[in-house]
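Contents: one structure, followed by commentary.
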Amino acid sequence: MSFMNSVAVVGVGETDYSTESGRSELVLSLQAINAALKDAGIGHDEVDGLLRWSVDTSSEATVAANLGLSNLSWFGEINQAGNVGAALVANAAAAIHAGLANVVVIYRGVNGRSGRRYGRGDVTGRSGRGSAAFTEPFGMLTPQHGLAMTTRRRMHETGVSSRDFGMVAVCEREHANRNPRATFFEKTLSIEQHQESRVIVDPFHLFDCCLETDGGGALVLTSVERARERDGHVAMIRAAAQSGYSVRNFIDTAAVGLAPNLWERAKITPSDISVAQIYDHFAPFVLFALEDYGFVRRGEGGDFVSAKEISWDGGSLPVNTSGGHLSEAYMQGMNQLIESVRQARGESTAQVSDAQFSFVDTGIGTGAVIFERGE
Amino acid sequence: MPDKEWDRPENLPLPVPDEDSLMFWQGLSDGKLLLQTCIECGTKNYPPVSMCCQQFNFEWEDAQGTGSIFSYVVTQQPVHPALKGHTPFLTVIVQLDEGPRITSNLVDGNPENIEIGSRVELHLVELSDEVTLPLFKLCSD
Ligand SMILES: [Zn+2]
């Protein structure tokens, strides 16, 4: 029982992005929700579902009380890490399709720079317990350490270079330079600057690494029938998938496991996608995801990216058109979900014309959504 | 003999053994690198798992302790407080000749000349009566 095109995202909203929000994660969440509901043209009294990231701090009960929801009848959270954005969309859509809720808000608010810092292991550190007994004592202390291992191995196997994936950062920066919301709206980046930037965890240069951001974001989902009572384009959820595929070989990304499921559900192929948002905690993973989802063959990602095929300006598959996590904000998939919806609705600052199918990955194969433009 | 000399960053977490990994850590204290081996399919699981092939019985096989560098990273900036004052810091993944890929350090590793494929051998470092770490050193050949 597929929910294909029966549920739509009708509203998106975000706060300003900063390094020092000066307000609580709860307030950031509430401001983003208010903005998304306003964008949707849907009143607070119509919201009956809330869904959130488990790693966040604002519970649905507190959010519901502050929003004044009298009608909350479906809620939940999804655990793992920052990577569950697509899983949240999939589950909210399933709930609406099944009649458990009519209007679901997915939200988050994080002080990712001034509060708990992901890149320092503040959220993911486990003090040597469980499986971390086999990693943390040896200096694998933050998410980037494991990801750098995979990057090094894939460089070895496919010949992809730092300069190749540096072009991911350059293209995303060019997109951010068109987006007034982006942290790096006013700062340009050249491949030379990328190559000369200091090395953080080798092979990652500074400009391969995502930002750290304070901010909030929200999405409003409802049935396509309810969505069509409003004006404007509708971002229909063509397909969504999540994967618990656990990658332990330091070569593949989880997209190897997710991709067949996703394309089967969507009844389209990678060549049908006009624009993609891909989880870019670290620049080379955009390239690896392009390979593992089947947009290009394994080993061809470097040439594809070097030729600027992911650029809005003349590329065959523009990627991370708002600037992504490297240059817009690090909202762990939320800003990319928002941008993917904007592309499907024709509202991006780097709009791809005739974007019928808009793809978003929210965790290098642990989850993905394909939006379809509807009237 | 386990080595007590390796200059380990003192704030790096220590492994916390649990019920499912206790055999592994005890083996190291006894001077052996034990690989948890499924009696059904023969898979050598690393890190140890709780169940394989729907059963809970495992053999613990003594590894040869030889392998090669599968991948490595060099922490250049102290992205975690435990590495402050200890950069550049080298972490490696060793593929044992038996197959499993082990996250570890090289006691004599110079980040400058490390290469994927370099041969390494086990070098145990005893931190306490309870904790001995499975580290490696480059083969002299
Ligand atoms: Zn087995």
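The values are calculated or read from the model by the stated rules, or taken from the named source; none is laboratory data. Worth saying up front: this structure is predicted, and the values here are computed from it rather than measured. For neighbour counting, all protein chains shown are included, and Cβ atoms are generated from backbone atoms with ideal geometry for every residue, glycine included. Ligands, DNA and RNA are excluded from the accessible area calculation, which covers all protein heavy atoms including side chains. Shrake-Rupley method; radii C 1.70, N 1.55, O 1.52, S 1.80 Å.
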Next item on the list: Return the sequence-ordered ³J(HN,Hα) values of region A:166-183 in whole Hz as given by the Karplus equation 6.51 cos²θ - 1.76 cosθ + 1.60 applied to θ = phi - 60°, using x for Gly and Pro.
Entry: x, 5, 4, 4, 5, 5, 5, 5, 4, 5, 4, 5, 9, 10, x, 6, 6, 4
Item checked: Candidate residues A:Val89, A:Val352: accessible-area rank, largest first, probe 1.4 Å -> A:Val352, A:Val89
Next item on the list: In a Gaussian network model over chain A where Cα atoms closer than 10 Å are linked, find which of A:Gly301, A:Gly324, A:Gly128 has the largest mean-square fluctuation.
Entry: A:Gly128
Check: When Cβ neighbours within 10 Å are restricted to other protein chains, what is their mean count per residue of peptide B:74-87?
Finding: 5
Next item on the list: Using only the alpha-carbon atoms of region A:1-138, report the extent along each of the three principal axes, biggest first, to the nearest angstrom.
Entry: 50, 41, 24
Check: For the residue pair A:Ala61 and A:Thr269, what label-to-label distance in nm results when each label sits 7 Å from Cα along the Cα-to-beta-carbon direction?
Finding: 5.2 nm
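For an R0 of 41 angstrom, estimate the FRET efficiency from the Cβ-Cβ distance between A:Glu20 and A:Ser70 and round to the nearest 0.05.
On the way: r = 35 Å, r/R0 = 0.86.
Efficiency, rounded to the nearest 0.05: 0.70.
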Checklist line | Tilt relative to chain A, helix A:85-97 - C-alpha long axis, 0 to 90 degrees, to 10 | finding: 30 degrees
Next item on the list: Please work out the C-alpha center-to-center distance from region A:311-325 to region A:185-250 and express it in whole Å.
Entry: 12 Å
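With a 1.4 Å probe, how much accessible area is buried between chains B and A, both sides summed, in Å² to the nearest hundred?
Working: alone 8510 and 14580 Å², together 20090 Å².
Separately minus together, B and A give about 3000 Å² buried.
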Checklist line | Shielding of A:151-162 by partner chains, average beta-carbon count, 10 Å | finding: 2
Check: Near the amide H of A:Arg52, under 5 Å away, which other amide H atoms are found, from residues 5 or more places off or on another chain, if H is placed in the peptide plane?
Finding: A:Gly76, A:Glu77, A:Ile78
Notebook entry, point to check: Which of B:Lys84/B:Lys137; A:Lys267/A:Lys308; B:Lys44/B:Lys137; A:Lys187/A:Lys308 have a Cα-Cα distance over 26 Å?
Noted result: A:Lys267/A:Lys308
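Would you mind getting me the FRET efficiency between A:Ser316 and A:Asn79? Use the beta-carbon distance for r and R0 = 51 Å, nearest 0.05.
After rounding, the FRET efficiency stands at 0.90.
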Checklist line | Calculated [θ] (222 nm, deg cm²/dmol) that DSSP helices of n ≥ 4 give over chain B, each run adding -39,500 (n - 2.57) | finding: -1500 deg cm²/dmol
Item checked: Amide hydrogen neighbours beyond the local backbone of A:Gly11, cut-off 5 Å, H modeled -> A:Val220
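Summarise the accessible area of region B:22-138 (1.4 Å probe, protein heavy atoms) by the percent that is carbon and sulfur. Mind showing how you got there, number by number?
Numbers: 2220 of 5160 Å².
The C+S portion of the solvent-accessible surface of region B:22-138 is 43 percent.
Convex hull volume of the Cα atoms in region B:22-138, per residue, in Å³?
Details: hull volume 13.8 nm³, N = 117.
Normalising the Cα hull of region B:22-138 by residue number yields 118 Å³.
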Item checked: Portion, in percent, of the accessible area of chain A that falls on carbon or sulfur, probe 1.4 Å -> 47 percent
Note to self: Which positions within region A:226-274 get 40 Å² or more of their accessible surface covered by the other protein chains, compared to the chain by itself, with a 1.4 angstrom probe?
What the structure shows: A:Arg248, A:Phe250
Check: Heavy-atom accessible area per residue, region B:1-122, 1.4 Å probe: how many Å²?
Finding: 50 Å²
Notebook entry, point to check: Mean shadow of chain A, computed from the convex hull of its alpha carbons, in nm²?
Noted result: 16.9 nm²
Item checked: A:Tyr17 accessible area, 1.4 Å probe, all protein chains in place, Å² to nearest 10 -> 30 Å²
Note to self: With a 1.4 Å probe and all protein chains kept in place, how much accessible area does A:Ser127 have, in Å² rounded to the nearest 10?
What the structure shows: 80 Å²
Checklist line | Packing-based order for A:42-54, A:135-147, A:278-290, using average beta carbon neighbours within 10 Å, highest first | finding: A:278-290, A:135-147, A:42-54
Item checked: Rough spin-label spacing in nm, given labels placed 7 Å along Cα→Cβ, for B:Glu10 and A:Arg116 -> 2.9 nm
Next item on the list: With a 1.4 Å probe and every protein chain left in place, tell me how much accessible area A:Asp313 has, in Å² to the nearest 10.
Entry: 120 Å²
Check: In whole Å, what is the distance between the alpha-carbon centres of region A:102-161 and region A:48-96?
Finding: 23 Å
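Contour minus end-to-end for B:Thr43 and B:Lys84, with contour as 0.36 nm per residue of separation and end-to-end as the Cα-Cα distance? Walk me through the numbers before you get to the answer.
Numbers: separation 41, 0.36 × 41 = 14.76 nm, distance 3.82 nm.
Taking 0.36 nm per residue and subtracting the Cα distance, the gain is 10.9 nm.
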Check: Relative to the first principal axis of the alpha-carbon coordinates of chain A, what is the inclination of helix A:25-40, with its axis defined by its Cα atoms, in degrees from 0 to 90 and to the nearest 10?
Finding: 60 degrees
Check: When the label point is put 7 Å from the Cα of A:Ser353 along its Cα-to-beta-carbon vector, which residues of region A:302-318 have a backbone N closer than 12 Å?
Finding: A:314
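Per-residue Cβ counts within 10 Å, from other chains only, averaged over B:64-70: what number is that?
Values: counts 0, 0, 0, 0, 0, 1, 7.
Going residue by residue through B:64-70 and averaging, the value is 1.
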Next item on the list: Quick one: among A:Gln31, A:Gln351, A:Gln195, which has the greatest mean-square fluctuation in a GNM of chain A with alpha-carbon springs under 10 angstrom?
Entry: A:Gln195
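May I ask what percent, to the nearest 5, of DSSP beta bridges between residues of chain A are antiparallel? Please report the intermediate quantities before stating the final value.
Working: 35 of 48 bridges.
For chain A, the DSSP antiparallel bridge percentage is about 75.
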Check: Accessible area per residue of region A:30-119 at 1.4 Å probe, in Å²?
Finding: 37 Å²
